[in-house]
1. So for each of 93-105, 20-32 I average, over its residues, the number of other beta carbons within 10 Å; can you give me the resulting order with the highest mean first?
2. Here are several values of percent of Cα pairs over 20 Å apart: [x] 73; [y] 52; [z] 63. Which one was derived from the coordinates shown?
3. What FRET efficiency, computed as 1/(1 + (r/R0)^6) with R0 = 22 Å and r the Cβ-Cβ distance, is obtained for Met36 and Trp125, rounded to the nearest 0.05?
4. Treat every Asp and Glu Cβ in the chain as -1 and every Lys and Arg Cβ as +1, leave all other atoms uncharged, and give the resulting dipole magnitude about the Cα centre to the nearest 20 debye.
5. Rounded to the nearest 5, what is the percent of antiparallel bridges among the DSSP beta bridges in the chain?
6. So what is the relative contact order of the chain, in percent, for Cα pairs below 8 Å that sit 6 or more residues apart?
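Nothing in this text is a laboratory measurement; each read-out follows from the coordinates by a stated rule. Predicted model, so just to flag it, every value in this text is computed and none were measured. Here the Cβ positions follow ideal geometry from the backbone for every residue, glycine too, while neighbour counts run over all protein chains shown.
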Amino acid sequence: MAKGKSANTTGNQLEVAVETVLSNKGFEILRYRNWMENPSLYGSELLLKNVPFVTIYGHNGNTEFLLVSEKYNLRIRIECKWQQSAGSVDEKLPYLYLNTIEAMPEKNIMILIDGEGFKAGAKTWLKNAVDKKLYTDNGNNDTNIMLFSLSEFFTWANKTFE
């Protein structure tokens, strides 16, 4: 299997894991565009897929998920980044981070990052950026970024949706 295809497959497995966990917690999963056509057809506990936003470059971008829960009063955009072997995902982390604080409209953003293929220091850089709120007007940005591995996401979901 070619490297790009393998990366897509493993990245998709991370997304499938998110869908499985949240489906088991009672969330209905559907494409964002279908929901936007007629939101009244659907419930209030949703995991919307392929959610658009305008990037820091002014281009159309998409995020894997938007979690919407009336019951838990949540609206969380979820980005999934998996790096199983050496590749370019880690080089996109600063771009992802800047999009979370400057371009994504939600105030709660979750980044799921996992896999052992990230370059040394890449995950640490992202964790430090999130913890210190780097590049956000001296840390005054009110975006709440949660940074989780897949197992940490499982724990969060289990505690949040008990």
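1. On the way: 93-105: 17.8, 20-32: 15.2.
Highest to lowest by the protection proxy: 93-105, 20-32.
2. Label [y] holds the value from this structure.
3. On the way: r = 35 Å, r/R0 = 1.58.
E between Met36 and Trp125, to the nearest 0.05, is 0.05.
4. On the way: 18 positive and 19 negative charges, 49 e Å.
Using only the charged Cβ atoms, the result is roughly 240 debye.
5. Numbers: 14 of 30 bridges.
Counting only bridges with both partners in the chain, antiparallel ones make up about 45 percent.
6. Numbers: 240 pairs, mean separation 29.4, N = 162.
Computed over the chain, the figure is 18 percent.
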